[in-house]
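*Asks:* I'd like to ask you about the structure that follows.
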Amino acid sequence: MATWGPGNFDNDAARDHLFELTHRLAEQIEQALEAATIFKLSGKGSVELAEMLEPILPNVEIICVLHETIGGGFLPEPGSVDDWQSRFEQLREASSDERSEVIRATFERLRQLAQQCWEE
């Protein structure tokens, strides 16, 4: 294990853990979107569909916060963020303009972080 500084994330094992943690969050987003899509196609209730979508935005936010504060972890490709946002918007029920703006800004924040990461 390589250690390069005194911080909690200044070694290979901690960075690997951060990557795995954030990658699992991204996998949960993808799984929730897939399950919600199948559920919606089955024509079942909207309450259950909304519940299936609930972890997506918190996971996006957590990925952003961890990357911004710690400077690492997994970030999806920008195209994946676009896909997630498109699918999420197609699946969710209409909401207030204010809530819609928060949703758009949350995905945009992740997209910008992903673009910076994937351009490097």
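Rule-based calculations on the coordinates, nothing more; no lab input. Keep in mind that what you see is a predicted model, and the values were worked out from it rather than measured. Backbone-built Cβ (ideal geometry, glycine too); neighbour counts: all protein chains shown.
*Asks:* If I model a spin label at Ser80 and Ala94 as a point 7 Å from the Cα along the Cα→Cβ vector, what separation in nanometres do I get?
*Replies:* Label-label distance for Ser80 and Ala94, simple model: 3.3 nm.
*Asks:* Continuing with this model, one more query. Please determine, in degrees from 0 to 90 and to the nearest 10, the orientation of helix 12-41 with respect to the longest principal axis defined by the Cα atoms of the chain, where the helix direction is its Cα long axis.
*Replies:* The two axes meet at around 10 degrees.
*Asks:* At a threshold of 8 angstrom on Cα-Cα distance, excluding pairs fewer than six apart, so keeping six or more, what relative contact order does the chain reach in percent?
*Replies:* Details: 110 pairs, mean separation 33.8, N = 120.
It comes to 28 percent, rounded to a whole number.
*Asks:* Assuming 0.36 nm per residue, please report the length gained on full extension of the stretch Val102 to Ala50 beyond their Cα-Cα distance.
*Replies:* 17.0 nm
*Asks:* Taking only Cα atoms, what is the 0 to 90° angle, nearest 10, from helix 97-119's long axis to the longest principal axis of the chain?
*Replies:* 40 degrees
*Asks:* At R0 = 22 Å, how high is the FRET efficiency between Gln115 and Glu61 if r is their beta carbon distance? Nearest 0.05 is fine.
*Replies:* 0.80
*Asks:* Using a Förster radius of 25 Å, what is the FRET efficiency between Asn11 and Ala35 based on their Cβ-Cβ separation? Nearest 0.05, please.
*Replies:* 0.10
*Asks:* Which of the trypsin sites (Lys or Arg not before Pro) found in the stretch 1-108 are loop residues per DSSP with 14 or fewer other Cβ atoms within 10 Å of their Cβ? Before the final figure, lay out the partial values.
*Replies:* On the way: sites: Arg15, Arg24, Lys40, Lys44, Arg87, Arg92, Arg99, Arg104; in loops: Lys44, Arg92.
Passing sites in the stretch 1-108 are Lys44.
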